Amino acid sequence: MMDIQSLTKVFGAQTVVDNVSFTLVPHTITALIGPNGAGKTTTLSMLAGLLPPTSGHIHVEDPTPLQQQIGFLPQYPKFFEWMTAFEYVEMMGKLSGFTNIEAMQRAHEVLAYVGLLDAKTKRIGSFSGGMKQRLGIAQAILHRPKLLILDEPVSALDPLGRKTMMNLLQDLQQTTTILYSTHILHDAEFLAEHVLFMKDGRLVEQGTLAAVQQKFEAPHIIITFAQADEARQFASQSTMPIAVDERRAIIDVQQGKPTMQYVLEHLAQSPFDIEKVEHARLTLEEIFVKVVGQDA
Amino acid sequence: MRNYIVLCQKEWREHVRNYRIIWLPLVFLLLGMMDPLTYYFMDDILKSVGNLPDGMQITMPDVGASDMIVSTAGQLQSIGMVIFIAIYCSAISGERKNGTATLLYVRPVSSRAIFLSKWTVAAMMTCVGVFCSVLASSYYAEVLYGGLNWQDVIVFYILYSVWMLVVITFTFAMSALTTTAIAATISLILFVIGSMADALIGTYWTYSPFKLPSYAVDIVRGAEVPDALWMTCMICIALILLSLVLGIYCTHKNRQQTTV
Amino acid sequence: MEISTETLLLIAPLFIVQIILMVIALLDLRKVAATRGPKWMWVLIIVFINMVGPILYFVIGRKAV
């Protein structure tokens, strides 16, 4: 869908985005993850055509103007507050090349889609933060863009608004490619297939969520016993390398050994009271801390 | 072209929603009414103030209808100009600063359409505003004093509108070039100081856009039409066109300054 | 100073325009989200400063969004 090569942005003496390259796969959700000031917004602004890159290329297969292929939602979208929601979306539709009738129909469609149809004749000035965010989505998907670029679309929302937004994004994924930035990792873990970790303007890690997780997965099998005593006993009796943490026995898995099956068989013969046996995976948050904190 | 029309509609709607299409003409009507009425009732006003010692006579200068227009031109040149600069100095820079422009800039909309649509509606408001003042002033001048040469008034109106268009177009260009505060400062200094300078030492040069309003006043006074009038008009129109080009260029160049 | 009907008719438009301006300014003030400075201050300015009050409000008082 979109191929980004060596994208760089320099403001004065400061390199805000440094040699960033990645590819967006059609119909996937890609999360751009990084702490504040990592250069996420600058990167997205360049992709949206708002900022000219200092160097590097943004390559798109489709030869139609980039602006028609992209829908953009800034972190804090600002609207003409004296307009009604419908007037606003309708105008944006016309500006994107719809005929008057198309613009009207499409405005209805997208407002209904984001659940703002009831408020369509209200002035945007009277909207709540969540409603504005949804209106932002409405204007971004209005012209059926192939790529949706969203800057921190969920960060400012309350839990309910966040849930709604995430459902919307999941639904939108069926028709568009989505690139969104966030620092809320829990959501990214739930939504994104691809992740890009950004730090100090550079991409420090990228790939599918599963691949990144696998790469950083500290392979462990964790057995939780009913009592701490049992955990210790189990560890002392076993030949496997086991670390004990309270009631948990943590088994290091190296080159696939021991396997879960082996552990389970082993446990089946033991007299201990077991609460839980699990494969431990690092959460995205833990990976984030690891990746971003690496040379901090 | 279509985007230009869509954006003109947007501008118009904004002018309606913030009541600018009502208050601006009304303010300029007031501006036009004030001077003829003040002159006419000056005697009564002075009497009602009542502190005059007995027997003191105040002789008002003999004034006629055309003097009212001249006086109103003075109001336009000060208050009128300041109002126009104040409301249009944020035309481009304001939307850039508050971020509302961002969602326009990511769409296939040319900077030309953005700038010209705003300018078109503003230019219309300018002509309407000046018209209201001239209308009110000349109406009272005719009713109170009589004997107005309407043809001269019309010429005055046209010339003065051209002058005010120079002011607002330049203000627009500055708004596209820089921030609201700087645009306002530059425009105010240029036109207020410029007009004063031209009035003081303007005899040293023949052609200057700042002379257009005074030529307009000359005409309404019934003085001879100055030879330099045409040239001055041309300079003013050239300035308008130049400001438009500069404004469009700066709007485009400063797109990246928009608040994301 | 006696005020004749004629005089009244002459200056009536002046007052009418001023009153309309004041009403519009107050209407707008009620609706607008943010002003430069507190709203009550603008109410006072609009109502008590003849002629200039509403103009001041429209030109510098209201924050356009």
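The values are calculated or read from the model by the stated rules, or taken from the named source; none is laboratory data. Note that this is a predicted model, so its numbers are computed, not measured. All Cβ positions, glycine included, derive from the backbone under ideal geometry; neighbour counts span all protein chains shown. SASA here: full protein model, heavy atoms, side chains in, ligands and nucleic acids out. Shrake-Rupley method; radii C 1.70, N 1.55, O 1.52, S 1.80 Å.
Here the Kirkwood formula puts the hydrodynamic radius of chain B at 19.9 Å, using every distinct Cα pair.
Let's see if you can work this out: charge +1 on each Lys and Arg Cβ, -1 on each Asp and Glu Cβ, no other charges. What is the dipole magnitude of the range B:2-257 about its Cα centre, in debye to the nearest 20?
Charge dipole of the range B:2-257: 1860 debye, to the nearest 20.
Please sort through the DSSP H helices of chain B and keep those with an alpha-carbon extent of at least 27 Å along the long axis and a Kyte-Doolittle average not below -0.5. Membrane-span-like by this criterion, though nothing is claimed about a membrane: B:20-40, B:111-144, B:150-177, B:229-253.
Averaged over peptide B:16-23, the number of partner chain Cβ atoms lying within 10 Å of each residue's Cβ comes to 6. Compute the label zone of A:ASP62 within the range A:117-148: residues whose backbone N is under 19 Å from the point 7 Å along Cα-to-Cβ. What the label zone holds, given the 19 Å backbone N cut-off, is A:137-148. The Cβ shell under 15 Å around A:ALA31 holds other residues with a net charge of -4, Lys and Arg each +1, Asp and Glu each -1. Computed from the Cβ-Cβ distance with R0 of 51 Å, the FRET efficiency linking B:MET196 to A:HIS183 stands at 0.35. Once the Cα atoms are used to define both axes, helix C:5-31 deviates from the longest principal axis of chain C by about 10 degrees.
Largest first, the extents of the alpha carbon coordinates of the range B:201-260 on the three principal axes equal 56, 23, 20 Å. For the pair A:GLN105 and A:THR54, a Förster radius of 41 Å applied to the C-beta separation gives a FRET efficiency near 0.50, rounded to the nearest 0.05.
Report, as a whole number in µm² per second, the diffusion coefficient that Stokes-Einstein gives for the protein assembly as shown at 10 °C and 1.306 mPa s using the Kirkwood radius over alpha carbon pairs.
Estimated diffusion coefficient is 54 µm²/s.
Counting 0.36 nm for each residue step from B:MET231 to B:ALA181 and taking away their Cα separation leaves a gain of 14.7 nm.
Each Lys or Arg adds one and each Asp or Glu subtracts one; over the other residues with Cβ under 10 Å from the Cβ of C:LEU29, this totals +3. Extending 7 Å from the Cα toward the beta-carbon at both A:LYS215 and C:LYS63 defines two label points whose distance is 4.5 nm. Annotation: amide H-H contacts under 5 Å for A:PHE72 (H modelled 1.01 Å from N, sequence separation of 5 or more, or interchain): A:ILE149. Calculated FRET efficiency, B:LEU144 to C:LYS31, Cβ-Cβ distance, R0 = 45 Å: about 0.70 to the nearest 0.05. Which angle from 0 to 90°, rounded to the nearest 10, does the C-alpha axis of helix C:39-48 make with the longest principal axis of chain C? Roughly 10 degrees between the two axes.
Normalised by 2.2 N^0.38 Å, where N is the number of residues, the C-alpha radius of gyration of chain C stands at 1.34. For the residue pairs A:LYS132/B:LYS10; A:LYS120/C:LYS31; A:LYS199/C:LYS63; A:LYS9/C:LYS63; B:LYS97/C:LYS39, alpha carbon separations beyond 27 Å are given by A:LYS199/C:LYS63; A:LYS9/C:LYS63. Interface of C with B. Using a 1.4 Å probe and counting protein heavy atoms only, the two chains hide about 2000 Å² of accessible surface, both sides summed. Other protein chain C-beta atoms within 10 Å of residue C-beta, averaged over C:50-56: 3. Average accessible surface for chain A: 46 Å² per residue, computed with a 1.4 Å probe over protein heavy atoms with every protein chain in place. Accessible area of chain A with a 1.4 Å probe: how many percent of it is carbon plus sulfur? After summing per-atom areas, the C and S share lands at 51 percent.
Using the Cβ of B:ALA223 as centre and a radius below 15 Å, the other residues enclosed give a net charge of -3, where K and R count +1 and D and E count -1. Its DSSP H runs of at least 4 residues, each contributing -39,500 (n - 2.57), put the calculated 222 nm mean residue ellipticity of chain B at -23500 deg cm²/dmol, to the nearest 500. Each label was represented as a point 7 Å from its Cα along the Cα-to-Cβ direction; for A:TYR76 and B:LYS253 these points are 2.8 nm apart.
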